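For reference, the structure discussed in these notes is given below.
The values are calculated or read from the model by the stated rules, or taken from the named source; none is laboratory data. Keep in mind that what you see is a predicted model, and the values were worked out from it rather than measured. Note that we place each Cβ from the backbone using ideal geometry, even for glycine, and neighbour counts take in every protein chain shown. Keep in mind that these areas ignore ligands, DNA and RNA; they rest on the heavy atoms of the full protein, side chains included. Shrake-Rupley method; radii C 1.70, N 1.55, O 1.52, S 1.80 Å.
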Amino acid sequence: MNDAAPDGAPGAGDTPTATDAARGRSRGLLVGLILIAVVVYLADLATKTLAVHHLDPSDPVEVIGDFATLHLVRNSGAAFSMATGYTWILTIIALIVVVVIIRFSRRLGSTGWTIGLGLVLGGALGNLTDRFFREPGPLRGHVVDFISVGSWPVFNVADSAVVCGAVLLVVLTLLGYDYDGSRSGWAARRAGAGDEEGESDA
């Protein structure tokens with residue numbers, strides 16, 4: 001007697017498994033990370049292009065009086081003009097960060113980590129583009145900064161994304177939400193108490 005499943009009917013090998021679901025979720029999170037990074041990168045590139053073409057470094061544009069202005073500067077340092085003069089070292093560090101994020105992205109199991117890493121990746125790529133393609137040359141290019149708020153050093157969209165993403169990742173780590181979706185500490189206790197909402201994951 002032939003026990004094979006008829007054409008069109010799911011066989012035993014077609015039954016979805018927990019592993020299949022996990023892989024599907026991981027692929028979805030990877031796509032989400034890429035989309036976030038692309039949006040951040042394009043926003044950073046567009047705003048820098050507009051700043052270079054329309055802002056005069058010697059004539060800041062007031063947005064909210066003297067508190068918030070658009071002030072074009074060329075930054076050879078890290079975010080918020082830190083570590084000025086170490087451009088090539090910062091470029092190498094940024095490249096390492098990008099490689100590490102790409103390496104870990106395949107094992108993502110957390111929505112929160114996906115958002116955080118996407119922000120950091122997009123911001124890092126945005127400033128790396130300046131390092132490679134702006135004057136005075138590859139690995140030494142100066143980053144375009146143009147947002148000035150209060151007493152903060154002038155920054156750009158990429159800087160904001162990197163800082164926001166890093167803060168989110170630190171908070172998730174402190175709460176016990178790991179990048180692969182596992183939980184420890186406070187997050188594990190909260191899950192054990194049955195306070196999770198549906199199937200959502202941080």
| Name the pairs: first residue in segment 169-193 and more than 25 Å from GLY24 (Cβ to Cβ) and at pLDDT 95 or above, second residue open to solvent by less than 40 Å² (accessible area, probe 1.4 Å) and among the hydroxyl-bearing types (Ser, Thr, Tyr), Cβ to Cβ under 9 Å, at least 6 apart or on different chains? | VAL171/TYR177
| note | Out of (1) in contact with a helix residue (DSSP H, G or I) (Cβ under 7 Å, 6 or more places away or on another chain); (2) modelled with pLDDT under 95, the one PHE146 does not meet is (2)
| said: For a quick check of your reading of the model, give me the residue pairs whose first member lies in segment 125-143 and is under 19 Å from ALA43 (Cα atoms), whose second is loosely packed, with under 14 Cβ neighbours inside 10 Å, with beta-carbon atoms closer than 7 Å and at least 6 apart or on different chains. | reply: PHE132/PRO138; HIS142/GLU135
| query | Of all residues in segment 32-66, how many are open to solvent by 80 Å² or more (accessible area, probe 1.4 Å) and either under 17 Å from ALA124 (Cβ atoms) or assigned to a helix (DSSP H, G or I) (or both)? | reply | 7
| message | Anything in segment 133-161 that is part of a loop (DSSP other than H, G, I, E, B) and small (Gly, Ala, Ser)? List them, or say none. | response | GLY137, GLY141, GLY150, SER151
